[in-house]
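Note sheet for the following structure.
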Amino acid sequence: MFTKIKYSVDIDKKWQKKWAEQNLYRFNEKDLSKKLYCLEMFSYPSGANLHLGHWYNYAAPDTWARFKRMNGYNVFHPQGFDAFGLPAENYAIKTGVPPEKSTRKNIQTMTEQLKRIGATFNWEYTLNTCDEEYYKWTQWIFVQMYKKGLAYRKDAPVNWCPKCNTVLANEQVVNGKCDRCGTDVYQKKMNQWFFKITDYAEELLQGIDKLDWPEKTKKIQKNWIGKSNGALISFDIEKEDGTTITLEAFTSRADTLCGLSYVVLSPEHEKVLDIVYNSHKEEVIKYIENAGKITELERMLNERKRTGVFTGAYAINPINGKKVPVWVADYVIASYGTGFVMAVPAHDERDFDFAQNHNLPILQVITDTKSDKFVTLPFCNHGKLVNSGKYNGLTTEAAITTIVKDLEKVGKGKLTSMYRLRDWLISRQRYWGTPIPIVYCEKCGEVPVPESQLPVKLPKNVEFTPTGDSPLKSCDEFMNTTCPICGGAARREADTMDTFVDSSWYFLRYPDNKNSHEIFNKEKINAMLPVDKYIGGQEHATMHLLYARFFTKVLRDLGYLNFDEPFLSLIHQGLILGPDGAKMSKSKGNTICPDDYINKYGSDVFRMYIEFAFSYVTGGPWSDTGIEGVAKFFTRIEKMFAEFYSLVSIKYDIIPQFDKDLVYAKNFAVDNISKDIEKFQFNTAIARLMEYTNAIYDYMKKEKINYALLKDCLDCYIILLSPFAPHFAEELWEQTDHTISVFNEKWPSVDEKALVKDKMNITIQINGKVRSNFLTDVNLSEAELINEAVSSAQKYLINKKIIRTIYVPQKLINIVVSDN
RNA sequence: GCGCUUGUGGCGGAAUUGGUAGACGCUGCAGACUUAAAAUCUGUUGGCCGCAAGGCCGUGCCGGUUCAAGUCCGGCCUAGCGCACCA
């Protein structure tokens with residue numbers, strides 16, 4: 001029998017225990033026909049309490065997952081930890097506690113706290129990237145990639161963070177500063193490991209359009225890959241000794257070739273010293289040395305001043321044989337294109353600026369298509385060609401293909417594309433990460449560790465304070481090993497991998513997390529993936545989300561996967577800011593601790609509040625005004641049920657007219673709540689639930705009540721409530737004489753007939769302004785409606801002439817009038 | 001500099017994609033219950049004019065398209081994000 005319920009944190013505990021005992025949310029591995037892989041980005045095991053961001057990231061998608069579960073889906077909803085990385089190591093440096101120890105402890109605390117959300121997580125599938133059983137396979141992937149030539153080592157100028165004492169990937173440098181600590185990053189030439197993500201540039205780009213991802217994220221990723229169509233053009237350069245050397249330049253404006261007035265090499269270009277004349281050598285070397293000292297940041301600041309030096313050499317324009325001077329200038333960057341550029345000052349701002357500074361000729365070869373009027377230089381738009389011999393009059397588009405075709409005939413040009421995307425630098429001079437499974441043997445050189453010897457274990461007792469050199473180097477027992485090929489003495493690679501490597505494939509491991517003899521069972525993973533719904537922050541648009549796509553494609557090409565994309569549908573949760581509107585941070589002291597709220601109100605109130613108070617994908621500043629309102633809403637629900645059980649039951653068979661409102665309200669609620677949850681619009685879904693609550697209250701005030709109908713509506717009510725307040729709904733379900741669990745119930749379906757109204761409210765507009773409205777029968781014809789509207793709006797029509805009427809079905813009639 | 005996104009009551013936020021702006025809730029105000037308070041319930045709550053009926057104004061600003069604009073177009077302002085010598 002129903003006893004009065006008072007929802008509190010005790011009810012959370014009761015049901016969390018029962019659900020765990022029954023393993024209620026168990027994933028059924030046997031039948032994957034309706035599997036649904038719902039995944040939130042895993043979190044970093046930080047020491048402090050679970051913060052608001054975690055709650056927001058996990059609780060709301062759990063509402064979606066529960067909804068899907070009740071709609072018959074076999075929901076797979078795993079949870080794990082991205083445990084390697086800088087924060088644990090920095091914490092260790094500060095406190096002296098080894099990262100291993102603090103991380104394990106944090107994982108334990110966080111797991112307990114995550115359980116307090118009362119989510120449908122499948123904990124038996126958990127993983128942790130710093131476990132040997134996990135990173136063994138991270139290393140295994142590295143070795144597979146190495147064998148395919150996708151992991152390679154090279155000397156390259158890399159981004160160095162002097163504070164973190166490590167190199168960074170391009171993706172981790174933001175405005176010339178370290179993404180992590182904000183320190184100015186500078187370039188350093190080092191020998192490092194890279195993943196050849198550029199091999200997949202085109203496919204990564206092409207695949208984006210097919211994804212159900214936020215448009216903005218797709219755009220960010222497209223821009224990051226940065227495809228640019230153009231042509232490679234070869235220039236012969238005459239050296240001082242009389243020989244010539246040929247260099248290729250990439251350009252998107254081959255049409256401007258006749259306006260060429262010089263060519264430029266970047267200071268880092270390997271052929272600079274080969275080309276330079278003796279008379280200019282000293283000056284050029286000095287220039288290169290200076291250019292090397294400038295950091296990324298300074299380069300950006302000095303973006304207006306374009307410096308450079310002449311090499312003494314001349315290049316031949318392949319289209320007309322004209323000789324142009326060869327310069328070295330740091331406005332040409334070595335890492336994009338070929339590091340060698342053709343300069344057309346009349347039609348490029350940078351070249352124009354440079355030419356003016358150095359008194360180089362400026363030849364106009366493009367003019368406006370529409371007017372032959374004088375155009376101001378530099379003219380960078382498209383147009384038509386002038387001063388270009390036989391190409392005169394062609395549009396720029398046509399000229400590009402014509403000119404490149406002509407060049408191609410003499411082997412001097414071809415159409416091609418360039419990408420902005422660089423290979424992914426994965427070496428880190430840090431301790432707390434996956435060791436790179438490579439050994440260096442004096443005889444055999446660089447040798448990948450064979451699969452049978454994996455994992456290369458991360459040693460425990462290492463001095464991990466960063467010195468700028470890899471901490472593992474100081475650990476002899478780690479470093480000294482034997483060569484897997486010849487058995488002779490060898491040294492291990494001392495760097496560890498970027499933590500983004502760990503997170504690039506974790507979603508592939510969850511469904512088969514205990515597999516000890518292979519990375520995962522192919523059949524199983526191909527049946528379980530792709531992830532159907534992925535939820536996480538937008539800040540990963542050019543990092544994790546790109547890397548994970550890359551790994552998926554690599555593993556597919558290695559024969560392990562039969563799909564191309566890991567995450568079909570992606571949602572970004574908004575960011576919850578501090579009450580001051582600034583990003584929450586401990587240093588600013590504007591963090592919010594969910595625990596206080598949970599202890600006071602219970603986790604369901606907290607969950608429903610964060611779902612109700614924000615638009616999920618937008619987020620916003622935190623404020624707890626309103627959480628009382630949600631708590632009150634819970635009380636109102638409790639009272640609603642108490643009131644129902646106190647009613648004298650009056651039963652009758654014929655549903656009178658006044659039951660219609662309730663039936664409508666129920667179906668309206670089911671319809672809209674379902675649609676809104678599906679779209680992650682939890683705030684409006686909850687609003688509709690509140691409306692349904694009000695409708696039930698209204699009904700209970702009536703003189704005559706159809707008890708069976710009301711009971712049915714209340715049962716439905718509990719189901720609709722359950723994804724938003726799982727513990728509370730489960731308690732109500734039990735108290736209203738049902739067998740648990742409410743989560744085994746089928747989500748209600750909509751009776752479309754109940755949503756058809758027999759009356760409609762038509763708005764009357766006069767000249768587009770709302771004047772009045774009238775309630776009428778839905779079956780009336782347009783003509784009848786207009787008549788009714790005109791007669792009911794008589795007072796607005798005095799001395800007016802009706803010009804036309806517009807009828808919007810079921811909604812409004814606009815009467816357009818003029819003065820008589 | 002280029003590209004994208006945002007701007008709605010005192011507050012959080014709605015608005016079926018061009019069709020009654022402000023759903024739902026918070027706050028405030030008034031009332032009921034109470035010795036009183038809390039809790040609960042009932043009304044009310046964009047601004048201005050009006051006793052009222054009613055009217056005028058109103059979705060960052062200026063203009064436009066349309067019978068009709070928060071929604072579409074052009075320009076500007078604001079806040080935020082992405083890229084930034086990409087040839």
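The values are calculated or read from the model by the stated rules, or taken from the named source; none is laboratory data. Computed from a predicted structure; not experimentally measured. Note that we place each Cβ from the backbone using ideal geometry, even for glycine, and neighbour counts take in every protein chain shown. Each accessible area value is taken on the protein alone, full model and side chains, heavy atoms only, with ligands, DNA and RNA left out. Shrake-Rupley method; radii C 1.70, N 1.55, O 1.52, S 1.80 Å.
See the values below:
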quantity: Pair list, Cβ under 6 Å, 6 or more apart: the stretch A:489-511 residue under 30 Å from residue A:530 (Cα atoms), other residue part of a helix (DSSP H, G or I) and aromatic (Phe, Trp, Tyr); calculated: A:500/A:547; A:504/A:547; A:504/A:551; A:505/A:551; A:510/A:125
quantity: Residue list for the stretch A:237-254, filter: open to solvent by 30 Å² or more (accessible area, probe 1.4 Å) and over 27 Å from residue A:382 (Cα atoms); calculated: A:238, A:239, A:240, A:241, A:242, A:243, A:244, A:246
quantity: Tally of residues being of a type in the set (A, V, I, L, M, F, W, C) and under 19 Å from residue A:132 (Cα atoms) across the stretch A:440-452; calculated: 1
quantity: Tally of residues being within 12 Å of RNA strand B (Cβ to nearest atom) and modelled with pLDDT of 95 or more across the stretch A:322-339; calculated: 0
quantity: Odd one out for residue A:234, checked against (1) closer than 18 Å to residue A:265 by Cβ; (2) in contact with a Ser or Thr (Cβ under 6 Å, 6 or more places away or on another chain); (3) open to solvent by 40 Å² or more (accessible area, probe 1.4 Å); calculated: (3)
quantity: Wholly enclosed strands (runs of 3 or more DSSP E) of the stretch A:169-254 bearing at least 3 residues within 11 Å of RNA strand B (Cβ to nearest atom); calculated: A:227-238, A:244-251
quantity: Among (1) within 15 Å of RNA strand B (Cβ to nearest atom); (2) surrounded by 12 or more Cβ atoms within 10 Å (Cβ to Cβ) - the single one residue A:780 does not satisfy; calculated: (1)
quantity: Among residues of the stretch A:658-710, those that are touching an Asp or Glu at 6+ places or on another chain (Cβ under 8 Å), closer than 28 Å to residue A:571 by Cα, near RNA strand B (Cβ under 10 Å from one of its atoms) and of a type outside the set (S, T, N, Q), counted; calculated: 4
quantity: Test: residue in the stretch A:734-742 that is over 30 Å from residue A:645 (Cβ atoms) and more than 16 Å from RNA strand B (Cβ to nearest atom); calculated: no
quantity: Every residue from the stretch A:1-43 that is exposed (fewer than 12 other Cβ atoms within 10 Å of the Cβ), of a type in the set (Lys, Arg), under 26 Å from residue A:527 (Cα atoms) and in contact with a helix residue (DSSP H, G or I) (Cβ under 9 Å, 6 or more places away or on another chain); calculated: A:26
quantity: Residue pairs meeting the criteria (Cβ under 6 Å; at least 6 apart or on separate chains; first within 12 Å of residue A:419 (Cα to Cα), in the stretch A:214-225; second near RNA strand B (Cβ under 6 Å from one of its atoms)); calculated: A:224/A:542
quantity: Every residue from the stretch A:342-392 that is of a type outside the set (A, V, I, L, M, F, W, C), within 13 Å of RNA strand B (Cβ to nearest atom) and either at pLDDT 90 or above or under 26 Å from residue A:316 (Cβ atoms) (or both); calculated: A:345, A:347, A:348, A:349, A:350, A:351, A:353, A:357, A:378
quantity: In the stretch A:255-288, residue farthest from residue A:160 (Cα to Cα) [restricted to those that are open to solvent by 40 Å² or more (accessible area, probe 1.4 Å) and within 16 Å of RNA strand B (Cβ to nearest atom)]; calculated: A:271
quantity: Filtered residue count, the stretch A:453-476, keeping only those that are under 16 Å from residue A:135 (Cβ atoms) and not β-branched (Val, Ile, Thr); calculated: 8
quantity: Complete set of residues in the stretch A:313-324 that are open to solvent by 10 Å² or more (accessible area, probe 1.4 Å) and part of a strand (DSSP E or B); calculated: A:314, A:316, A:323
quantity: Residues within the stretch A:407-445 that are away from RNA strand B (no atom under 16 Å from the Cβ), hydrophobic (A, V, I, L, M, F, W, C) and more than 24 Å from the chain's Cα centre (by Cα), tallied; calculated: 7
quantity: Set A:799, A:761: member being near RNA strand B (Cβ under 9 Å from one of its atoms) and either without any contact (Cβ under 8 Å) to a residue 24 or more places away in the chain or surrounded by 16 or more Cβ atoms within 10 Å (Cβ to Cβ) (or both); calculated: A:761
quantity: Among the candidates A:791, A:772, residue that is open to solvent by 30 Å² or more (accessible area, probe 1.4 Å), of a type in the set (S, T, N, Q) and either on the phi > 0 side of the Ramachandran plot or touching a helix residue (DSSP H, G or I) at 6+ places or on another chain (Cβ under 8 Å) (or both); calculated: A:772
quantity: 3 or more residues open to solvent by 10 Å² or more (accessible area, probe 1.4 Å) and not aromatic (Phe, Trp, Tyr): qualifying helices (runs of 4 or more DSSP H) within the stretch A:478-530; calculated: A:522-528
quantity: Scan of the stretch A:134-175 for residues that are charged (D, E, K, R) and either modelled with pLDDT of 80 or more or open to solvent by 40 Å² or more (accessible area, probe 1.4 Å) (or both), ordered by number; calculated: A:136, A:147, A:148, A:153, A:154, A:155, A:163
quantity: Residue match in the stretch A:95-112 (condition: assigned to a helix (DSSP H, G or I), within 30 Å of residue A:686 (Cβ to Cβ) and either open to solvent by 40 Å² or more (accessible area, probe 1.4 Å) or in contact (Cβ under 8 Å) with a residue 60 or more places away in the chain (or both)); calculated: yes
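Here is a yes/no grid of residues against (1) closer than 29 Å to residue A:755 by Cα; (2) among the polar types (S, T, N, Q):
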site	(1), (2)
A:772	yes, yes
A:785	yes, no
A:795	no, no
A:803	no, no
A:813	yes, no
